[in-house]
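Presented below is the structure to which this report refers.
The values are calculated or read from the model by the stated rules, or taken from the named source; none is laboratory data. Quick caveat: nothing in here was measured; it's all calculated off a predicted structure. For neighbour counting, all protein chains shown are included, and Cβ atoms are generated from backbone atoms with ideal geometry for every residue, glycine included.
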Amino acid sequence: MFVHTSIRSSNMERSIEFYTKLLGLKLISRREIKQNNAEIAFLQAQKSKGATLELTFYRNQKKFIQAKYEDRIFDHIGFEVANMKAIIEKLRKEKIIITDEPYMLGPSGPTIAFIEDPDGTLIELIERMEPKNTFKAGLIPSSK
């Protein structure tokens, strides 16, 4: 069973705010890990009981450099959204980096866009043509 994905954070407060306020996740736990001088936080979709996103902040990490896109090993994480246009407008107002503007994957495919979190982690936003019973990121209801 898939449990979680962990990404590093250079600023835990800023990362938690980004994922909770802009993408609609809820903070489910947060704690210190003394063995490696770190702090972790787990976030999850509001109505989900499945996998979580773990944010990890290593206090001893002196450099926090996100590799150029072509040099990255980790590609992206994905969130389904109810209304791509509305969430992109919301993210633009918050000065979030939009690396790829929304586009459709074929004539009947989903609309996708890519943004970056505050540390440069790439995030795919996906708006499906026919909504499924899955988590929808963002607090903006669908206009459908």
Discussion item. Checking the structure you have, find out if any residue of segment 43-66 is over 16 Å from residue 19 (Cβ atoms) and hydrophobic (A, V, I, L, M, F, W, C).
Written reply: yes
Worksheet item: Quick check, is residue 78 in a strand (DSSP E or B) and surrounded by fewer than 18 Cβ atoms within 10 Å (Cβ to Cβ)?
Response: yes
Practice prompt. Write out, first by first residue and then by second, each pair whose Cβ atoms fall under 7 Å of each other, whose residues are 6+ apart or on separate chains, and whose first residue, in segment 95-113, is free of Cβ contacts under 8 Å to residues at least 12 places away in the same chain and of a type in the set (A, V, I, L, M) while the second is surrounded by 11 or more Cβ atoms within 10 Å (Cβ to Cβ) and in a strand (DSSP E or B).
Written response: 104/111; 105/112
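Scan segment 1-20 for residues that are loosely packed, with under 15 Cβ neighbours inside 10 Å, in contact (Cβ under 8 Å) with a residue 12 or more places away in the chain and of a type outside the set (A, V, I, L, M, F, W, C) and jot them down. Talk me through it step by step, then tell me what you get.
Of all residues in segment 1-20, those loosely packed, with under 15 Cβ neighbours inside 10 Å come to 1-6, 11, 13-14, 17.
From what is left, the residues that are in contact (Cβ under 8 Å) with a residue 12 or more places away in the chain are 2-6, 11, 14.
Result: 4, 5, 6, 11, 14.
Of all the residues that make up segment 102-132, how many are outside any strand (DSSP E or B) and out of contact with any His (no Cβ under 8 Å at 6 or more places or on another chain)? Walk me through how you get there before you give the answer.
Looking only at segment 102-132, we keep the residues that are outside any strand (DSSP E or B), and these are 105-110, 117-121, 128-132.
Still in the list and also out of contact with any His (no Cβ under 8 Å at 6 or more places or on another chain): 105-110, 117-120, 128-132.
So the count comes out to 15.
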Practice prompt. Tally the residues that are under 20 Å from residue 123 (Cα atoms), part of a strand (DSSP E or B) and not hydrophobic (A, V, I, L, M, F, W, C), restricting the search to segment 38-72.
Written response: 4
Worksheet item: Between a first residue in segment 74-86 that is in contact (Cβ under 8 Å) with a residue 40 or more places away in the chain and a second residue that is assigned to a loop (DSSP other than H, G, I, E, B) and surrounded by fewer than 14 Cβ atoms within 10 Å (Cβ to Cβ), which pairs have beta carbons less than 6 Å apart while being 6 or more apart in sequence or on different chains?
Response: 80/134; 82/142; 83/142; 83/143
Worksheet item: Within segment 1-39, how many residues turn out to be polar (S, T, N, Q), closer than 17 Å to residue 78 by Cα and at pLDDT 95 or above?
Response: 2
Practice prompt. Quick one: in segment 22-39, of everything that is surrounded by 13 or more Cβ atoms within 10 Å (Cβ to Cβ) and in contact (Cβ under 8 Å) with a residue 24 or more places away in the chain, which residue is nearest to the chain's Cα centre (by Cα)?
Written response: 23
Worksheet entry | So residue 87, is it surrounded by fewer than 16 Cβ atoms within 10 Å (Cβ to Cβ) and either part of a loop (DSSP other than H, G, I, E, B) or of a type outside the set (Ser, Thr, Tyr) (or both) | no
Discussion item. Looking at (1) of a type outside the set (A, V, I, L, M); (2) closer than 24 Å to residue 8 by Cα; (3) modelled with pLDDT under 95; (4) assigned to a loop (DSSP other than H, G, I, E, B), which one does residue 95 not meet, given that it meets all the others?
Written reply: (3)
Worksheet item: When residues of segment 3-29 are filtered for being among the charged types (D, E, K, R) and part of a helix (DSSP H, G or I), how many remain?
Response: 4
